[in-house]
2 protein chains.
Amino acid sequence: MNKIILNEKELPKKWYNINPDLPAPLPQPKNPEEKDNISKLPQMFSSGVLEQEMSMERWIKIPKEIRKIYKRIGRPTPLFRAKGLEEMLDTPAKIYYKREDYSPTGSHKLNTAIAQAYYAKKDGAERLTTETGAGQWGSALSLACSLMGLECKVYMVRVSYNQKPYRKTIMQIYGAEIVPSPSTDTEFGRKILKENPEHPGSLGIAISEAIEEALQNEKAYYSLGSVLNHVLLHQTVIGLELKKQLEIAEETPDIIIGCVGGGSNFGGTVLPFVKDKIDGKLDCEFIAAEPIACPTLTQGEYRYDYGDTAGMTPLLKMYTLGHDFIPPSVHAGGLRYHGMAPQIALLVKENIVKARAVSQKSVFESGVTFAKAEGVIPAPETCHAIKVAIDEAKKCKKTGEEKTIIINFSGHGLLDLQGYEDYLTGTLPENNK
Amino acid sequence: MNKIILNEKELPKKWYNINPDLPAPLPQPKNPEEKDNISKLPQMFSSGVLEQEMSMERWIKIPKEIRKIYKRIGRPTPLFRAKGLEEMLDTPAKIYYKREDYSPTGSHKLNTAIAQAYYAKKDGAERLTTETGAGQWGSALSLACSLMGLECKVYMVRVSYNQKPYRKTIMQIYGAEIVPSPSTDTEFGRKILKENPEHPGSLGIAISEAIEEALQNEKAYYSLGSVLNHVLLHQTVIGLELKKQLEIAEETPDIIIGCVGGGSNFGGTVLPFVKDKIDGKLDCEFIAAEPIACPTLTQGEYRYDYGDTAGMTPLLKMYTLGHDFIPPSVHAGGLRYHGMAPQIALLVKENIVKARAVSQKSVFESGVTFAKAEGVIPAPETCHAIKVAIDEAKKCKKTGEEKTIIINFSGHGLLDLQGYEDYLTGTLPENNK
């Protein structure tokens, strides 16, 4: 079989919540000194997602309305066997990839965007605000709002707004309002522009602006595309589908690989397999692939830190490079995050998840290899997972092991071709330092 | 059901050849006066496709190797129900769309590219040459050659080469050699550059260069992405899958719609349904959607004409705007063709296929409506079919008819976002005249 498909009836009816099954209690968010950021959360997030954030229920029902939209956007997604890549590498390993790029916005992000839009609507909200850097998350939330009948306001880092005009176009097609950040729409943005009218912006500033608008508008919530428990929860639809597909293929995974920025696509894929590993029922490596340029898991400290640059969020216990760390501008914009989802951080701390950092050149080389063999052009972020998979498949060639390797193919690279162009023309810096 | 999927075993084993079932004999290609272009065909095309071009066999076996690659690139493709669009239009009509955008290169073009690469390889060729304008065809042939282990040389119209750098990047990722046309690689190219070193190029010139290289290199064949019988034959895999999917959905189509440039995606979708219509077993309208800016079927003459601008091909009996007609530069680059596949032309002449011309603004408006409702952003070409489908669904709202409308969703628009940007900012000319 080249692809394992599930029919719509096999779409998971529940999300899986790892919280009760973690090997140690998840350290809770806490307030910074002299501030009470936690009490602002109910103004920022819908009651539905806040409840999920703290829930200790193992299984959480996916509302019918969300399942309906999941089906409309093409879930369940197929699992492909990468036979072309296996042949090209001449490896005894079996490589599979889960096609999250089949989403209309081209990545896994829509899985949580739809859920967040649903719960906001249920609370009577009329509007969601968010930030976006490279634009994957902004595109997903824009479409989710269009499908749910909500307004969407996206604060897009100014340098991306100017350099990636087509991401803006996509969000506008879906009816969202996009402003370059820093903007004149918020007090924080105006303050920064007053100091420097040409400020290029940053993700941290954009987050602060989006939160400010949500806090000041009773009918608006703020929406985050990664890191938080409820985001990873929504993404478990990926891993739950994958489990069924591996059963159909009669495969036991030896290695599951995903790239990590905030940790949502990796978490969504791996979390449903963790308990079996802890219980000794599954002997499987979980490998989180990150850029050498932003080595949160391999070089960061495990401690409490802010989720954003400006310090508006509660403190989260996670691996962090420091909330003021500015990663080099590698093409994998989605992996340029100083922190990590607390659930993933804990699993790394507990040696259940391994991390590996890979260089920018090696990931584009892997992306080109994959594209030539399989056709699909991976997003720069996804190339990190592919690089690790190729390395593991090459090891199998040496040892003769027939390992089953799973890649979460988190997104396609059709809107990130400049990185490939730089790679092909030899102008790509090793790690953009 | 939101989508009707077929498993790999249901991938068609044979292509359908309409030639024996046409309502009148297909007029054969003929030589222009004082030239013998037909005798050059065996140097230009592989024996496999030339045999198919003339074949009167109704069913032609799809070689195992081609079926293997069809599966690897994701065939069979799903058929989606456009429930979001139906709700938005508040129509009693049922709208389905066949997802040819699920191909790794984003359109139906790969269906014939793979077959042409296979037959060339079988004849011992090492290289395929072709032309590309907007780049959809060039991308597909580049990948097909990569998958089959052939070299690929693409002559890309210089103005597109400069304006659409990312299409070039995609072809280079797949390992193809791309030159801007007119180029210094051919006698014809050098002649034109000598007269005008800044010549912007045209599809006609690029075709001539690709043919010249193929004729002069014993190990190379030329490859065309539309118009010819064998191309439409390979594309019937779309319509044959669609037939099975409609049976599963227990639907009888009332209207099948596709956009037409050279006619290959439309032909591939509709041809397998034609005999049933001729035999009175199926009461279904087949509508070919074309741009007002290039109204081949609605304004052209049915007569013999060259397939290319330079007159290097045999004469084909078809609807034509004249082989020297230069269409305005509408964003739907794939529909900017002066002629039409002879098989489709005959069916229009015989009143089995209807044609409808639509304006550029109306097609982008339809594309935005579709994207908001369904998520997927259609290629500008595909928007033509969607415009006609929306018009038909609105008629159903007036009459109360529950028609079943099928769209061939020939490709996504992620590499053609400039047209959407122009539409959204109000700078899109009605028909770019």
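The values are calculated or read from the model by the stated rules, or taken from the named source; none is laboratory data. From a predicted model like this one, the values you see are computed outputs, not experimental measurements. Backbone-built Cβ (ideal geometry, glycine too); neighbour counts: all protein chains shown. Just so you know, the surface numbers come from the protein's heavy atoms only, side chains and all, with ligands and any DNA or RNA stripped out. Shrake-Rupley method; radii C 1.70, N 1.55, O 1.52, S 1.80 Å.
For this structure, a couple of remarks:
- Residues in segment A:270-318 that are under 29 Å from A:Asn37 (Cα atoms) and in contact with a Gly (Cβ under 7 Å, 6 or more places away or on another chain): A:Leu271, A:Thr296, A:Asp305, A:Gly307, A:Asp308, A:Thr309, A:Ala310, A:Thr313, A:Leu316, A:Met318.
- Residue in segment A:221-237 that is farther than 23 Å from A:Ala355 by Cβ and open to solvent by 30 Å² or more (accessible area, probe 1.4 Å) present: yes
- Any hit, segment B:368-390, residues being within 30 Å of A:Ala140 (Cβ to Cβ), in contact (Cβ under 8 Å) with a residue 24 or more places away in the chain, open to solvent by 20 Å² or more (accessible area, probe 1.4 Å) and not in a helix (DSSP H, G or I): no
- Residue within segment A:161-183 that is farther than 30 Å from B:Lys164 by Cβ and among the polar types (S, T, N, Q) present: yes
- Residue that is nearest to the other protein chains (Cβ to nearest Cβ) [pool: residues in segment A:155-190 that are among the β-branched types (Val, Ile, Thr), closer than 21 Å to B:Gly426 by Cα and more than 22 Å from the chain's Cα centre (by Cα)]: A:Ile173
- Of the residues B:Ala249, B:Ala206, the single one that is farther than 20 Å from B:Gly268 by Cα, of a type outside the set (Lys, Arg) and open to solvent by less than 10 Å² (accessible area, probe 1.4 Å) is B:Ala206.
- Tally, over segment A:296-349, of residues that are more than 14 Å from A:Gly262 (Cα to Cα), aromatic (Phe, Trp, Tyr) and at pLDDT 95 or above: 2
- Candidate set: segment A:383-403, residues that are more than 14 Å from every other protein chain (Cβ to nearest Cβ) and of a type in the set (Val, Ile, Thr); chosen: the one nearest to A:Leu271 (Cα to Cα): A:Val388
- The set of residues in segment B:126-149 being open to solvent by less than 10 Å² (accessible area, probe 1.4 Å) and away from chain A (no Cβ under 11 Å) consists of B:Leu128, B:Thr129, B:Thr130, B:Thr132, B:Gly135, B:Gly138, B:Leu141.
- Identity of the residue in segment B:54-72, within 11 Å of chain A (Cβ to nearest Cβ) and either in contact with a Cys (Cβ under 7 Å, 6 or more places away or on another chain) or open to solvent by 10 Å² or more (accessible area, probe 1.4 Å) (or both), that ends up nearest to A:Glu86 (Cα to Cα): B:Arg72
- Test result for A:Tyr166, in contact with a helix residue (DSSP H, G or I) (Cβ under 6 Å, 6 or more places away or on another chain), at pLDDT 95 or above and of a type in the set (Phe, Trp, Tyr): no
- The residues of segment B:183-202 that are more than 30 Å from B:Lys122 (Cβ to Cβ) and touching a residue at least 12 places away in the same chain (Cβ under 8 Å), listed by number, are B:Ile192, B:His199, B:Pro200, B:Gly201, B:Ser202.
- Within segment A:319-343, the set of residues being out of contact with any Phe, Trp or Tyr (no Cβ under 7 Å at 6 or more places or on another chain) and either surrounded by fewer than 18 Cβ atoms within 10 Å (Cβ to Cβ) or assigned to a strand (DSSP E or B) (or both) comprises A:Thr320, A:Gly322, A:Asp324, A:Phe325, A:Ile326, A:Pro328, A:Ser329.
- A:Leu193 falls short of the stated requirement of being aliphatic (A, V, I, L, M) and either under 25 Å from B:Glu87 (Cβ atoms) or within 14 Å of chain B (Cβ to nearest Cβ) (or both).
- Check on A:Lys354, touching a residue at least 24 places away in the same chain (Cβ under 8 Å), of a type in the set (D, E, K, R), open to solvent by 20 Å² or more (accessible area, probe 1.4 Å) and assigned to a helix (DSSP H, G or I): no
- Of residues in segment A:15-53 being in contact with a helix residue (DSSP H, G or I) (Cβ under 8 Å, 6 or more places away or on another chain) and open to solvent by 70 Å² or more (accessible area, probe 1.4 Å), the one nearest to the other protein chains (Cβ to nearest Cβ): A:Gln43
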